[in-house]
Every structure is written in structure tokens, then in C-alpha cells.
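A quick write-up on the structure given underneath.
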Amino acid sequence: MALLNIRPATVADAGLILRFIRELAIYEKAEQSVQADEIGIAESLFGADATARALVCEANGEAIGYAVYFYNYSTWLGRKGIYLEDLYVSPEKRGSGAGKALLKYIARQAVAEGCGRFEWSVLDWNTPAIEFYTAAGARPQDEWTVYRLEGEALKAFAG
């Protein structure tokens, strides 16, 4: 059994995180959507005005996964929450407990900080992830639909 270690990522991990982002995008059939580069990751996650945080999961000293999350806010609860943007473990290391360890790490942080919620989105075809999250006790919020403005549509609407 591998010895797992979860640690906060540092700017030196920007290239590693980008590699994991690309692997996740390939898994999610969206590789062409990745526009980030190492400099952008370094600035957005570790710059002075960074609002997101990243974790690295290591097994016996080898980086095998990561998570990226940020704080959101619930007006109904009147408390902050945590939104999990990415949770990824390299395919050959799945089943090692790394995903659960990353999720629990963030859940403990949410509880310790008095967060009202810990939430994320899952692609509807990603059955392994859905089963994993359901086994952890998470429940889908079927009554909500995510909407997004991006790229030219965002610029057009803003203008």
C-alpha cells in the first residue's frame, strides 16, 4: 500500500498541475479546450491576487493527482463554502485512495473553517466519478442547471 501525502501546491508545481489539467481534459474529451499555460497557472494559483488553491497528492513521493478549489458564498446560509474545480488522479493510480484522500482533505478544511457547503460539478457521463462521489455521501443537485458565458459570447454580452 502506497503512503499518501496531500500537500498544498507551490509555484514550483505549476508545470505538474498543467500536466494534470491536460490529462484531465483528455479524460473529459475536451483536450482542445485547455488554453492555460505554465505561466498562467503560476500567476492564477500562486500570484498575489490568486483566489483559487491547489493541492498535490503524492504516493511514496511521486505526484499522482491534484485538486483545485476556491471559496464561494451562500446567501441562504450566510456562510462561505468551497467549490471543487478539479479532482484528478492519474489513471494507473486510481483505486489507491488518492481521490478520497484529496476529497477528505478539502472536506476537513471546509468543516474547520465553518463552511456551509462543499460542492462540485460532474459530467453526466462520468459514471466512475458519480459512483465515487455518491459513495462518499454526496448527492446530485438535479434541480440546478449550470449556465456559462465565455469567450466571444461573454465579450458581446458585456459590451
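When the chain is fully extended, how far beyond the present Cα-Cα distance does ARG117 get from ALA138, taking 0.36 nm per residue of separation?
Gain in length upon complete extension: 6.5 nm.
Given a cut-off of under 8 Å on Cα pairs at least six residues apart, what relative contact order in percent is computed for the chain?
For the chain, the relative contact order is 18 percent.
Considering only protein heavy atoms, what is the solvent-accessible area of LEU45 at a probe of 1.4 Å, reported in Å² to the nearest 10?
LEU45 has an accessible surface of roughly 20 Å² with all protein chains in place.
How would ARG108, ARG53 rank on accessible area, largest to smallest, probe 1.4 Å?
Largest accessible area first, the list is ARG108, ARG53.
On average, how much accessible surface per residue is there in the chain, in Å², for a 1.4 Å probe, leaving out ligands, DNA and RNA?
Heavy-atom accessible area per residue stands at 66 Å².
Would you kindly derive the ³J(HN,Hα) couplings of the range 30-41 from the backbone phi angles with the Karplus curve 6.51 cos²θ - 1.76 cosθ + 1.60 (θ = phi - 60°), listing them in order in whole Hz, with x for Gly and Pro?
Per residue, the Karplus-derived 3J(HN,Hα) values read 9, 4, 5, 7, 6, 10, 5, 10, 4, 5, x, 5 Hz.
Could you tell me the ratio Rg/Rh of the chain? Both radii from Cα atoms, Rh via Kirkwood.
We get a ratio of 0.96 for the chain.
The values are calculated or read from the model by the stated rules, or taken from the named source; none is laboratory data. The structure presented is a predicted model; accordingly, all values stated were derived computationally and were not measured. Just so you know, the surface numbers come from the protein's heavy atoms only, side chains and all, with ligands and any DNA or RNA stripped out. Shrake-Rupley method; radii C 1.70, N 1.55, O 1.52, S 1.80 Å.
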